[in-house]
Amino acid sequence: MKEQATILGCPVSYKLGADTKKFTLKDNGFTETKAGNYQLVRPLDATPQSKQGFKLKITVSSDIKAFKMSATTANGLKAINLFDNDKFKMNQDKFYFLMDGMIDRGCFEKVEA
């Protein structure tokens with residue numbers, strides 16, 4: 001886990017918001033894991049009920065100082081690069097939409113390159 005992260009191939013990096021707390025994460029859909037970390041898994045498909053396609057996985061450390069994120073296959077086992085092919089444009093847009101929503105709610109901040 002690192003203080004700033006992004007998904008494979010994405011030109012934008014993110015860091016945890018300065019005021020991010022445990023309740024902020026829980027209010028935004030994160031669940032606590034057995035290890036005490038906070039995890040969010042969201043589909044990156046046009047239809048959320050689809051069980052195929054890609055998922056966004058974000059895990060925040062229990063002390064809320066570091067995190068990791070990845071776009072994965074449907075089973076969550078393999079990281080994929082959504083940005084190497086134009087056919088994933090809709091998935092890219094969904095990723096940015098989800099991240100912008102979490103930025104608006106104070107969970108994350110964009111890191112300028």
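Rule-based calculations on the coordinates, nothing more; no lab input. Keep in mind the model is a prediction, meaning the values are calculated, not measured. Cβ atoms come from the backbone with ideal geometry, glycine included; neighbour counts cover every protein chain shown.
Using only Cα atoms and rounding to the nearest 10 degrees, what angle (0 to 90) does helix 89-104 make with the longest principal axis of the chain?
For 89-104 against the chain, the angle is about 20 degrees.
Which of the residue pairs LYS2/LYS87; LYS57/LYS89; LYS21/LYS57; LYS2/LYS26; LYS15/LYS55; LYS34/LYS87 have a Cα-Cα distance greater than 27 Å in the structure shown?
Numbers: LYS2/LYS87 30 Å; LYS57/LYS89 18 Å; LYS21/LYS57 19 Å; LYS2/LYS26 20 Å; LYS15/LYS55 20 Å; LYS34/LYS87 37 Å.
Among LYS2/LYS87; LYS57/LYS89; LYS21/LYS57; LYS2/LYS26; LYS15/LYS55; LYS34/LYS87, the Cα-Cα distance tops 27 Å for LYS2/LYS87; LYS34/LYS87.
May I ask you to sort SER62, SER70 by Cβ crowding, counting other Cβ atoms within 10 Å and putting the fewest first? The partial results should precede the final answer.
Details: SER62 13, SER70 18.
Fewest to most other Cβ atoms nearby, the residues stand as SER62, SER70.
Treat each spin label as a single point 7 Å out from the Cα along the C-beta direction, and report the GLN52 to MET90 distance in nm.
Each label point is offset 7 Å from its Cα along the Cβ direction, giving 1.2 nm.
Residue separation times 0.36 nm, minus the C-alpha to C-alpha distance between LYS22 and ARG105: what's the value?
Working: separation 83, 0.36 × 83 = 29.88 nm, distance 1.33 nm.
This chain segment gains 28.6 nm when fully extended.
When the chain is treated as a GNM, springs tying every alpha-carbon pair under 10 Å, which of ASP86, ASP45, ASP100 comes out with the largest mean-square fluctuation?
Residue with maximal mean-square fluctuation among ASP86, ASP45, ASP100: ASP86.
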